[in-house]
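Engineer: Take this structure first; my questions come after.
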Amino acid sequence: PTNLYLEVDEVVTTVESGELTITGTMEAEDDDVNLEVNGIRIYASNLVGNGVVHRISTVLIPPDLVIPEPEPCSGFGCDFGFGGGFVCFSGSTTVDVQNKGQTKMSELQIGDNIAVDGQTYEPIYSFGHRAPSAKSDNFVEIKTTAGNNVQVSKEHLLFVEDGKTVAAGSIQKGDRLANDAIVQSVKSVSINDGLYAPFTPSGKYVVNGDILASSFISFDNDSQVNVGGINFSNQWMSHSFEFPHRVVCHYLGQCKNETYDADGLSEGWGNYPLAFITQVFGLGTVAKTLVFSTMIVVFAAFNVIETAFFAYPVVGFVAAIMA
């Protein structure tokens, strides 16, 4: 095990009948010492458990032992899955599937047409994250005065009354969301029924009846990204960033057999972009500004291309050429 940390109020030489949480597995070869970590000897006597929690009879702690503190997770990646919680909805969150009605996130499939606003439906072309057995304590539960509630990760973007998007974790009681949904209460929660983040072409969808949600996340825990003194919305930045993914998976329909990594992130389309953005936000101010400035120019080009070639009937011709 590599993640064993002990907290003590004073230097001790023995601890009787204590409990340790040990990450990893242990194999007792005999009745003598079977594990030593950071100079701490744990005796095999009376060890019970399945490799996660063990009750021990004796732990010998050298008086001069310096016990390391866990290093806190820092940076953008900690908020978005690397060392923290992922950005998603819980598996029990529902969306309106065309000709089927309210359906749990855990039951959605690529190709399902879901409500994105009013009576408008769009297909799910990909899942940025799909982890049926995942858990997270990085969630909030938002309840509206209409009696609807949603469990969503704190960094996930939700639409508010002025059409802007804000991080779910920043929403407070009394806030007015899109679709005239008024927030009645907000509380932090943990979820254990899976994590899901479907993508639609418009980058939005309605969850649990009246809450308009984005497909995307809040960059750097803010509603906007400031580049050279100019603010760009996270929704526009993310939707533009998604253009290549949207072309391949939506317009060309090449992602019907999408696969996911061990964390449930879409392989290639979810894990690599997330790692890239993590690195960008870890750059210094000047370097980050240069990278984002370049991205803005590229994103503007993406918007022109999508409007000119994919938002009109010519899409069928383009798709046929590129298939």
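Engineer: Is it fair to say residue 126 is within 19 Å of residue 237 (Cα to Cα) and among the small types (Gly, Ala, Ser)?
Structural biologist: Answer is yes for this residue.
Engineer: Looking at 270, 282, which one is surrounded by fewer than 18 Cβ atoms within 10 Å (Cβ to Cβ) and touching a residue at least 40 places away in the same chain (Cβ under 8 Å)?
Structural biologist: 282
Engineer: Which residue is nearest to residue 197 (Cα to Cα), if the candidates are limited to segment 116-140 and must be among the polar types (S, T, N, Q) and within 17 Å of the chain's Cα centre (by Cα)?
Structural biologist: Within segment 116-140, the match that is nearest to residue 197 (Cα to Cα) is 126.
Engineer: Go through the residues of segment 229-247 one by one and say whether even a single one is among the acidic types (Asp, Glu) and surrounded by fewer than 20 Cβ atoms within 10 Å (Cβ to Cβ).
Structural biologist: No, segment 229-247 contains no residue that is among the acidic types (Asp, Glu) and surrounded by fewer than 20 Cβ atoms within 10 Å (Cβ to Cβ).
Engineer: Please go through segment 267-301 and give me each residue that is in a helix (DSSP H, G or I) and closer than 25 Å to residue 130 by Cβ, ordered by number.
Structural biologist: Answer for segment 267-301, where residues must be in a helix (DSSP H, G or I) and closer than 25 Å to residue 130 by Cβ: 271, 272, 273, 274, 275, 276, 277, 278, 279, 280, 281.
Engineer: Please count how many residues of segment 248-259 are open to solvent by 60 Å² or more (accessible area, probe 1.4 Å) and closer than 14 Å to residue 109 by Cβ.
Structural biologist: So the answer is 2.
Yes/no per residue for (1) in contact with a helix residue (DSSP H, G or I) (Cβ under 8 Å, 6 or more places away or on another chain); (2) at pLDDT below 95; (3) buried (at least 18 other Cβ atoms within 10 Å of the Cβ):
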{"site": "99", "(1), (2), (3)": "no, yes, no"}
{"site": "120", "(1), (2), (3)": "no, yes, no"}
{"site": "124", "(1), (2), (3)": "no, no, yes"}
{"site": "127", "(1), (2), (3)": "no, yes, yes"}
{"site": "135", "(1), (2), (3)": "no, yes, no"}
{"site": "140", "(1), (2), (3)": "yes, yes, yes"}
{"site": "153", "(1), (2), (3)": "yes, yes, yes"}
{"site": "176", "(1), (2), (3)": "no, yes, no"}
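Engineer: If you take just the strands (runs of 3 or more DSSP E) that sit entirely in segment 154-264, which of them hold at least 3 residues that are touching a strand residue (DSSP E or B) at 6+ places or on another chain (Cβ under 6 Å) and closer than 30 Å to residue 288 by Cβ?
Structural biologist: Where strands (runs of 3 or more DSSP E) fall fully within segment 154-264 and carry at least 3 residues being touching a strand residue (DSSP E or B) at 6+ places or on another chain (Cβ under 6 Å) and closer than 30 Å to residue 288 by Cβ, they are 156-159, 195-199, 211-217, 230-233.
Engineer: Being within 24 Å of residue 199 (Cβ to Cβ), of a type in the set (Asp, Glu) and in contact with a Phe, Trp or Tyr (Cβ under 8 Å, 6 or more places away or on another chain), is that true of even one residue in segment 141-152?
Structural biologist: Within segment 141-152, none of the residues are within 24 Å of residue 199 (Cβ to Cβ), of a type in the set (Asp, Glu) and in contact with a Phe, Trp or Tyr (Cβ under 8 Å, 6 or more places away or on another chain).
Engineer: Part of a loop (DSSP other than H, G, I, E, B), of a type in the set (Gly, Ala, Ser), in contact (Cβ under 8 Å) with a residue 12 or more places away in the chain and open to solvent by less than 40 Å² (accessible area, probe 1.4 Å), is that true of residue 146?
Structural biologist: Details: part of a loop (DSSP other than H, G, I, E, B): yes; of a type in the set (Gly, Ala, Ser): yes; in contact (Cβ under 8 Å) with a residue 12 or more places away in the chain: yes; open to solvent by less than 40 Å² (accessible area, probe 1.4 Å): no.
No.
Engineer: Please determine whether any residue of segment 219-226 is crowded, with 20+ Cβ neighbours inside 10 Å, closer than 30 Å to residue 147 by Cβ and of a type in the set (A, V, I, L, M, F, W, C).
Structural biologist: The answer is no, given that none of the residues of segment 219-226 is crowded, with 20+ Cβ neighbours inside 10 Å, closer than 30 Å to residue 147 by Cβ and of a type in the set (A, V, I, L, M, F, W, C).
The values are calculated or read from the model by the stated rules, or taken from the named source; none is laboratory data. All figures in this text were calculated on a predicted structure; none of them were measured in a lab. In this analysis, Cβ positions are derived from the backbone assuming ideal geometry, glycine residues included, and neighbour counts consider all displayed protein chains. With ligands, DNA and RNA removed, areas are computed over all heavy atoms of the protein, side chains included. Shrake-Rupley method; radii C 1.70, N 1.55, O 1.52, S 1.80 Å.
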